[in-house]
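Enquirer: This is the structure I have questions about; it appears just below.
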Amino acid sequence: MNRKIDLALAVSALLVAGLVVGVYSRDIPLGVAGEWVWPLVGARPSLLGVILGVAGVAAYGGYAALGFRALGVPSRRGFREMSWVAGLVGSAVLLQVVIPMSAADEYDLTKWAYVHYFRGSTGYYEIAREQASADPWKFLADYPTWIQAQDPYHIGTHPPGLIAMHAALLAAMERHRGASDVLNAAMPPSVTSAFRQLEVLHQKTIPRADRAEIYLVSLITLLACAGTVAPLYLLARESLPPQLAWASAAFWPLAPALNLFQPLADSAYPLLSATALATAAWSARLRPSPGSGAWASALLAVISGVVMAFGMMFTLAFLPIGLIVALVVLATRSVSWPRRFQVIAWIGVGFLAFVGSAWLATRADPLVVWRWNLYHHARFYLEMHRSYLAWVLVNPVELAVAMGLPTVVWCLTGAFGDRRYVPRAFWCGLGVLTLANLTGRNLGEVARLWMIFLPPLFTAAGVGLTRLGGGPRAVFVTVVLIGLQTLGLQALIQVVYPF
């Protein structure tokens, strides 16, 4: 078994080294020429930054290895398991701060200011400031009409959630000057410097409330992205013992896509998708019984529906998440078919209740908004040529790189082993992604667009690692290898600034 573990880790190391060297030498294409290619970074990180990043990854790897060993000891105390997972959340937050700090100048934490401010990167802050902040409720009520004339890029393909969030936080920062001052004082020096550079570039002052709001959005994104380890652990734990669920969740914070694309909202969406999947899976697993059992199951199902409906206020990517959720429930063999349909019905109640409440509150018909979002999404591929066959082949490769190649090695090891032990969430997620790829719904940029689908795929990683007898050492080495891949790509590829 040790030889098999060593062989798997050696394969992972070769894949990581080959990827980084290939990108550096430009022997590996970063897209499809003439259609979409990720550009390269023009600067290099400092030696001190590299040392900081490697040290942070190694420290996190040590914690991941300790947690794997501790959770391998049987215990009936749920508090012990919860304590380790809580520590994993805190460690993930720290790690995802350290990783960007080790990037080159202008690509470190300065992106926390740049990404939201530049219209070419997002544009939601600018619209919130210029069009929504004066009367947010009127803007939302008019959104079904307003969205019709928008572009087929960031704005036209999205519901108003991100604009509404920026508008609400701007209003909060303007009302609560004390909170705004605290956030401004707590900014890392690189973020403060970034705002100064933006003022020089655009020759205008950025109000303190606006700085605080942009910084707060970046913090929320960080906490959501790193915090995904908790619902991901619960999703895996529904089918697996603590040790295997831990391994799957512990690899999450190092995934290259999550770190490179922060603070884009796409890196926050996995928190919602993982939560919807975990609550639905546990709802289906709970056997109805007189008393609290039936109500607990119904409540979890309703929460799953509410979470997906909330996500639909931000992106229509939660439509396929809903399909994965339904498949996970329907694939629960431990309960009867009527019981499975009952869980799906409760999920639908939660979804419709939230959508209806949002409709009444904003007076904006979500069906009209979503229809125009789909229309603009189709327009994108009319205006921007994409070769179907090329991207159908490139997308899975880019997704594997986005996950972290060592994680993919363990997932494949688990999937090609005894399939009975692989969580059904993995198979359902993989099936929906395969369908999405073959139908050409996303031709390019899947490292960003498909982050929302990554949590169910990670649930197979722990199965693969333990199938070959991997222990704490294998967890530590895997963490280091994923971290090195992320640090290497961070130093080479530009993904979040306007091109």
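Enquirer: Please report how far the C-alpha centroid of the range 310-375 lies from that of the range 1-78, rounded to the nearest whole angstrom.
Expert: 35
Enquirer: Of all the accessible heavy-atom surface of the range 362-403, with the other protein chains kept in place and a 1.4 Å probe, what percent is carbon and sulfur? Display every interim value, and only then the final one.
Expert: On the way: 1680 of 2300 Å².
On the range 362-403, the fraction of accessible area on carbon and sulfur atoms equals 73 percent.
Enquirer: Turning to a different aspect of this structure: Exactly which chymotrypsin sites (Phe, Trp or Tyr not before Pro) in the range 330-430 are in a DSSP loop and have at most 13 other Cβ atoms within 10 Å?
Expert: Values: sites: 341, 346, 351, 354, 359, 370, 372, 375, 380, 381, 388, 391, 410, 416, 421, 426, 427; in loops: 416.
Hits after loop and neighbour filter: 416.
Enquirer: To continue, here is another question. Round to a whole angstrom and tell me the spacing of the C-alpha centers of the range 409-433 and the range 191-267.
Expert: Each part's Cα centre sits 27 Å from the other's.
Enquirer: Distance between Cα centroids, the range 116-150 to the range 381-398: provide it in whole Å.
Expert: A separation of 30 Å, based on Cα centres.
Enquirer: Less than 21 Å apart at the alpha-carbon level, and either on another chain or at least 8 residues along: which lysines does that give for residue 111?
Expert: By straight Cα distance, residue 111 reaches 204.
Enquirer: Related question: Before I look further, what does the chain give for accessible area per residue, probe 1.4 Å, in whole square angstrom? Don't skip to the end; give the middle numbers.
Expert: Numbers: 21180 Å² over 499 residues.
In whole numbers, the chain has 42 Å² accessible per residue.
Enquirer: Can you give the relative contact order of the range 317-468 as a percent, counting alpha carbon pairs under 8 Å and 6+ residues apart?
Expert: Numbers: 110 pairs, mean separation 47.3, N = 152.
The normalised contact order for the range 317-468 reaches 31 percent.
Enquirer: For residue 387 and residue 295, what does the FRET efficiency come to when R0 = 35 Å and r is the distance between their Cβ atoms, rounded to the nearest 0.05? Don't skip to the answer; put the middle values down first.
Expert: Values: r = 52 Å, r/R0 = 1.48.
After rounding to 0.05, the efficiency reads 0.10.
Enquirer: Please compute the volume of the convex hull spanned by the alpha-carbon atoms of the range 1-158 and report it per residue in Å³. Let's see the in-between values first.
Expert: Working: hull volume 36.3 nm³, N = 158.
In the range 1-158, the Cα hull volume divided by residue count equals 230 Å³.
Enquirer: Shifting gears a bit: Per 5 Å bin, what percent of the C-alpha pairs of the range 160-290 does each bin hold, from zero upward?
Expert: Calculated over all Cα pairs of the range 160-290, the distribution is 2, 10, 15, 16, 16, 13, 10, 8, 6, 4, 2, 1, 0, 0 percent.
Enquirer: For the range 349-394, report the translational diffusion coefficient in µm²/s to the nearest whole number, using Stokes-Einstein at 20 °C, 1.002 mPa s, and a Kirkwood Rh over Cα pairs.
Expert: Details: Rh = 13.1 Å.
Rounded to a whole number, D works out at 163 µm²/s.
Enquirer: In the range 413-499, what percent of the accessible surface is made up of carbon and sulfur (1.4 Å probe, ligands and nucleic acids excluded)? List each step's numbers first, then the result.
Expert: Numbers: 1800 of 2840 Å².
Carbon and sulfur together cover 63 percent of it.
Enquirer: Could you compute the FRET efficiency for residue 153 and residue 73, with r as their C-beta to C-beta distance and R0 at 56 Å, rounded to 0.05? Mind showing how you got there, number by number?
Expert: On the way: r = 52 Å, r/R0 = 0.92.
Computed FRET efficiency for residue 153 and residue 73 comes out at 0.60.
Enquirer: Place +1 on the Cβ of every Lys and Arg and -1 on the Cβ of every Asp and Glu in the chain, take the dipole about the Cα centre, and give the residue among 155, 224, 298 whose Cα lies farthest towards its positive end.
Expert: The one lying farthest along the dipole's positive direction is 298.
Enquirer: Right, something else. Of all accessible surface on the range 19-96 at a 1.4 Å probe, what whole percent is carbon and sulfur? Intermediate results must be reported in sequence, preceding the final value.
Expert: Details: 3080 of 4450 Å².
So the carbon and sulfur contribution to the accessible surface is 69 percent.
Enquirer: Can you list the equivalent-ellipsoid semi-axes of the range 295-373, largest first and in whole Å, using the square root of 5 times each Cα gyration tensor eigenvalue? Kindly include the intermediate steps, with their values, before the conclusion.
Expert: Details: eigenvalues 129, 38, 14 Å².
Semi-axis lengths for the range 295-373 are 25, 14, 9 Å.
Enquirer: If you don't mind, another one. Helix-only mean residue ellipticity at 222 nm, the chain, DSSP H runs n ≥ 4 weighted -39,500 (n - 2.57), per residue, nearest 500. What is it?
Expert: Working: 25 runs with 350 residues, N = 499.
Taken over the chain, the calculation gives -22500 deg cm²/dmol.
Enquirer: Taking 8 Å as the Cα distance limit and 6 or more residues as the minimum spacing, I'd like the relative contact order of the range 120-250 as a percentage.
Expert: Dividing the mean separation by the residue count of the range 120-250 yields 20 percent.
The values are calculated or read from the model by the stated rules, or taken from the named source; none is laboratory data. The structure presented is a predicted model; accordingly, all values stated were derived computationally and were not measured. A quick note on method: Cβ atoms are made from the backbone with ideal geometry, for glycine too, and the neighbour counts reach across all protein chains shown. What goes into the accessible areas is simple: the full protein's heavy atoms, side chains included, and nothing from ligands, DNA or RNA. Shrake-Rupley method; radii C 1.70, N 1.55, O 1.52, S 1.80 Å.
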